[in-house]
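In what follows, a single structure is set out as structure tokens and then discussed.
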Amino acid sequence: MAVAVAEVTEARPRTRGERRLAWTLRFFALLFAIGAVGFLLRPDDVVHDLDRAGALVGLPTLVESRVPVTSDFWLPLAIANMATITACAWLASRDVRRRRPLVHAIVVSKLASSATGILLFARWSMAFPFLTIALVDLPIALILISGLRAARVNGA
């Protein structure tokens, strides 16, 4: 007796919520990729520009250094995280039904970075770059959570 080994693809067309989530994921994949390249090529300039914006509203600035510092150790890991969430977003956008767990991974990453940014801002230095982490990543997490919920509700 023959057994089919090919996966059965759902014949049901994507819902409006699923199409919207897929578009949102593609958009975020592009932004994450641009961010990863920006941080790779100009990490100090990105932080310096954020610092200047914070200084305009009276927040303290971070100390500049022209030599490697201990925190530079984390830069390659941050870039790797951005590359990973870029890939997750792009892959999930291709099939939001079967690849929902990839979106959950992005949400976890964005919630973790938001919490860390708030913690650093509140406990270490009230410098704007730390607050910016939460101001950028928390809305991304909330948008994706909303997209996941809309895709589930519309797809049920």
Is one or more of the residues making up region 14-33 outside any helix (DSSP H, G or I) and of a type outside the set (A, V, I, L, M, F, W, C)?
-> yes
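For residues that are open to solvent by 50 Å² or more (accessible area, probe 1.4 Å) and in contact (Cβ under 8 Å) with a residue 24 or more places away in the chain, scanning just region 26-49, find the one that is nearest to residue 145 (Cα to Cα).
26
Which residues, counting only those in region 77-119, are farther than 23 Å from residue 145 by Cβ and in contact (Cβ under 8 Å) with a residue 12 or more places away in the chain?
Of the residues in region 77-119, the ones farther than 23 Å from residue 145 by Cβ are 77, 79-80.
Of everything in region 77-119, just one residue is farther than 23 Å from residue 145 by Cβ and in contact (Cβ under 8 Å) with a residue 12 or more places away in the chain, namely 79.
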Matching option when the condition is open to solvent by less than 40 Å² (accessible area, probe 1.4 Å), part of a helix (DSSP H, G or I), under 21 Å from residue 26 (Cα atoms) and not polar (S, T, N, Q), among 147, 54, 117 | 147
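Looking at region 73-114, which of its residues are of a type in the set (Val, Ile, Thr) and assigned to a helix (DSSP H, G or I)?
Going through region 73-114, the residues of a type in the set (Val, Ile, Thr) turn out to be 79, 84-86, 96, 103, 106-108.
79, 84, 85, 86, 103, 106, 107, 108, listed by residue number.
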How many of the residues in region 96-109 are out of contact with any helix residue (DSSP H, G or I) (no Cβ under 7 Å at 6 or more places or on another chain) and modelled with pLDDT under 95?
-> 1
Being surrounded by fewer than 17 Cβ atoms within 10 Å (Cβ to Cβ), touching a residue at least 12 places away in the same chain (Cβ under 8 Å) and among the aromatic types (Phe, Trp, Tyr) narrows it down to one of 74, 23, so name that one.
-> 23
Residue satisfying all of: in region 120-144; in a helix (DSSP H, G or I) and in contact (Cβ under 8 Å) with a residue 60 or more places away in the chain; most open to solvent (accessible area, probe 1.4 Å) among these | 143
Taking region 57-71, which residues are open to solvent by less than 80 Å² (accessible area, probe 1.4 Å) and free of Cβ contacts under 8 Å to residues at least 60 places away in the same chain?
-> 58, 65, 69, 71
Hey, residue 88 hits all of (1) surrounded by fewer than 17 Cβ atoms within 10 Å (Cβ to Cβ); (2) at pLDDT 95 or above; (3) under 30 Å from residue 12 (Cα atoms); (4) not aromatic (Phe, Trp, Tyr) but one; which does it fall short on?
-> (1)
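The values are calculated or read from the model by the stated rules, or taken from the named source; none is laboratory data. The structure presented is a predicted model; accordingly, all values stated were derived computationally and were not measured. Here the Cβ is made from the backbone with ideal geometry for all residues, glycine too, and neighbour counts use every protein chain on show. Surface areas here come from the heavy atoms of the whole protein model, side chains and all, with no ligands, DNA or RNA. Shrake-Rupley method; radii C 1.70, N 1.55, O 1.52, S 1.80 Å.
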